Amino acid sequence: MNPLDLVVSRLKAAKRVAALTGAGISAASGIPTFRGADGLWKHFRVETLATAEAFENDPTTVWEWYDWRRGLIAAATPNRAHDVLAAWTAKPAFTLITQNVDGLLERSGAERLIRLHGSIWHVRCWERCARGRSDWLDDTVPMPAIPPRCPHCGAIVRPAVTWFGETLDYASFDAAANAAASADVFLTVGTSAIVYPAASLLPLAKRRGAFSVEINLEPSGASDTVDVCLHGKAEEILDRLCERWP
Ligand code: BJW
Ligand code: ZN
């Protein structure tokens with residue numbers, strides 16, 4: 001059986017399916033990935049942008065980077081990869097987990113989406129004042145003032161994303177781990193699969209007996225673990241899968 005036929009037959013037979021996505025699914029929408037040939041980390045140093053220490057030292061530079069990325073995302077539209085994954089969330093037995101902060105799956109109509117690394121469209125008070133402690137939506141592009149200020153206490157606000165060294169939202173990771181542990185098929189899509197703890201979901205699913213599939217442009221940290229590698233563009237491979245598992 002060819003690999004695509006095998007994946008289709010496993011999807012059709014599965015009681016529960018979970019998928020984990022990464023930045024690769026947004027590449028066709030013109031959003032740069034992090035690693036890889038033209039990834040963000042080739043042009044920017046992670047320790048100066050995606051850590052709490054970086055923000056503490058220079059919130060203006062960090063916010064300028066996020067404001068630029070928010071502008072790119074606001075001008076982008078979801079692609080076929082977002083649309084297929086979002087459509088599958090209408091299946092009660094399908095759980096979609098994302099590391100992406102761009103909101104494009106949400107714009108495709110994804111339901112019950114588990115976001116592991118937060119959202120670039122949400123902010124919270126850096127000083128964690130009582131009323132600004134929880135995340136709130138601020139999708140103003142561009143930001144009228146950088147760094148933006150908390151409307152409650154006047155302190156700087158931060159993007160409500162998960163930076164290196166920060167713990168993930170416990171409830172979201174718990175829900176993702178439960179979905180991985182109970183999946184009959186686990187898909188890892190458009191992710192380098194090297195950032196933890198998100199990258200631990202695939203081995204967890206596999207230990208619990210899931211049939212696992214990598215859909216990625218090139219081999220990733222998942223390739224040696226999965227049962228089947230489908231290498232190519234996620235937007236094209238998912239489109240073909242959706243024809244046969246609508
Ligand atoms: C296509 C395609 C197409 C392209 N079709 N495919 C050693 C040092 C320091 C830290 C650590 C360490 N060892 C472990 C850690 C912990 C660290 C970690 O995992 N680091 C590793 C990198 C080593 N993890 C953490 O710090 C996490 N927290 C944590 O562990 O808490 C516990 C703790 C607390 C205190 C102290 C220590 C531990 C938090 C991780 C947060 C990650 N944050 C970011 C930024 C989010 C905000 C933002 O966007 O600005 O999340 S980093 C970045 O990586 C982002 C992504 O969600 C994440 C994953 O990247 P992703 O999505 O996989 O993208 P890429 O670019 O890597 O891959 C894209 C893939 O797509 C490529 O393979 C392409 O080929 C492919 N592709 N086009 C299909 N059309
Ligand atoms: Zn505040």
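The values are calculated or read from the model by the stated rules, or taken from the named source; none is laboratory data. A quick note: this is a predicted structure, and the numbers were derived from the prediction, not measured. FYI the Cβ positions are ideal-geometry reconstructions off the backbone, even for glycines, and counts take in every protein chain you see. All accessible areas refer to the heavy atoms of the entire protein, side chains included, with ligands and DNA or RNA removed. Shrake-Rupley method; radii C 1.70, N 1.55, O 1.52, S 1.80 Å.
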Which whole number in µm²/s is D for segment 13-158 by Stokes-Einstein, with the Kirkwood Rh taken over Cα pairs at 20 °C and 1.002 mPa s?
-> 129 µm²/s
Could you state the principal axis extents of the C-alpha atoms in segment 193-246, from the largest down, to the nearest angstrom?
-> 30, 23, 16
Where the only charges are on Cβ atoms (+1 Lys, Arg; -1 Asp, Glu), what is the dipole of segment 27-124 about its Cα centre, to the nearest 20 debye?
-> 400 debye
Toward the positive end of the charge dipole of segment 120-189, about the Cα centre and with charges on Cβ (Lys, Arg +1; Asp, Glu -1), which of S134, P151, V189 goes farthest?
-> P151
Once the Cα gyration tensor of segment 43-118 is diagonalised, semi-axes √(5λ) in Å | 30, 14, 8
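Would you calculate the convex hull of the Cα atoms in the chain and tell me its volume per residue in Å³? Before the final figure, lay out the partial values.
Numbers: hull volume 28.9 nm³, N = 246.
Looking at the chain, the number lands at 118 Å³ per residue.
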Based on the Kirkwood radius over alpha-carbon pairs, what value in µm²/s does the Stokes-Einstein equation return for the translational diffusion coefficient of segment 1-56 at 20 °C and 1.002 mPa s?
-> 147 µm²/s
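Could you work out what % of the accessible surface of the chain is carbon and sulfur, using a 1.4 angstrom probe and leaving DNA, RNA and ligands out of the count? Spell out each step's value before the answer.
Numbers: 5870 of 11510 Å².
Whole-percent figure for carbon plus sulfur exposure: 51.
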Residue among G24, L11, L40 farthest towards the positive dipole end of segment 1-42, charges placed on Cβ = L11
Between I97, I146, I25, find the one with the highest GNM mean-square fluctuation for the chain; connect C-alpha pairs within less than 10 Å.
-> I146
For segment 175-182, Karplus couplings with θ = phi - 60° (6.51, -1.76, 1.60), whole Hz, Gly/Pro x | 5, 5, 5, 4, 5, 5, 5, 9
When the dipole is taken about the Cα centre of segment 138-193, and only Lys, Arg (+1) and Asp, Glu (-1) are charged at their Cβ, what size is it in debye, to the nearest 20?
-> 260 debye
Grab the DSSP H runs of the chain that are 4 residues or longer, score each as -39,500 (n - 2.57), total them, divide by all residues and round the 222 nm result to the nearest 500 deg cm²/dmol.
-> -9500 deg cm²/dmol
Using alpha-carbon positions, what is the distance between the centroids of segment 58-77 and segment 85-150, in Å?
-> 14 Å
Please list, or write none, the lysines whose alpha carbon is within less than 29 Å of the alpha carbon of K91, excluding same-chain residues fewer than 8 places away.
-> K12, K15, K206, K233
Most mobile listed residue (V84, V141, V101) in the chain, GNM with C-alpha springs under 10 Å | V141
Gaussian network model of the chain, Cα springs within a sub-10 Å range: biggest mean-square fluctuation belongs to which of W121, W136, W63?
-> W136
Enumerate the amide H contacts of C229 below 5 Å, restricted to partners 5 or more residues apart or on another chain; note that Pro and chain-start residues carry no placed amide H.
-> E214
Can you tell which of T98, W88, A76 lies farthest toward the positive end of the dipole of segment 72-112, using +1 and -1 charges on the Cβ of basic and acidic side chains (Lys, Arg; Asp, Glu)?
-> W88
Tell me, which cysteines of the chain are without a disulfide-compatible partner by the Cβ under 4.7 Å rule?
-> C229, C242
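Charges at C-beta only: +1 for Lys and Arg, -1 for Asp and Glu. How large is the resulting dipole of the chain about its Cα centre, in Debye rounded to 20?
Working: 26 positive and 28 negative charges, 127 e Å.
Its charge dipole is roughly 620 debye.
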Percent antiparallel among DSSP beta bridges confined to the chain, rounded to 5, stands at 25 percent
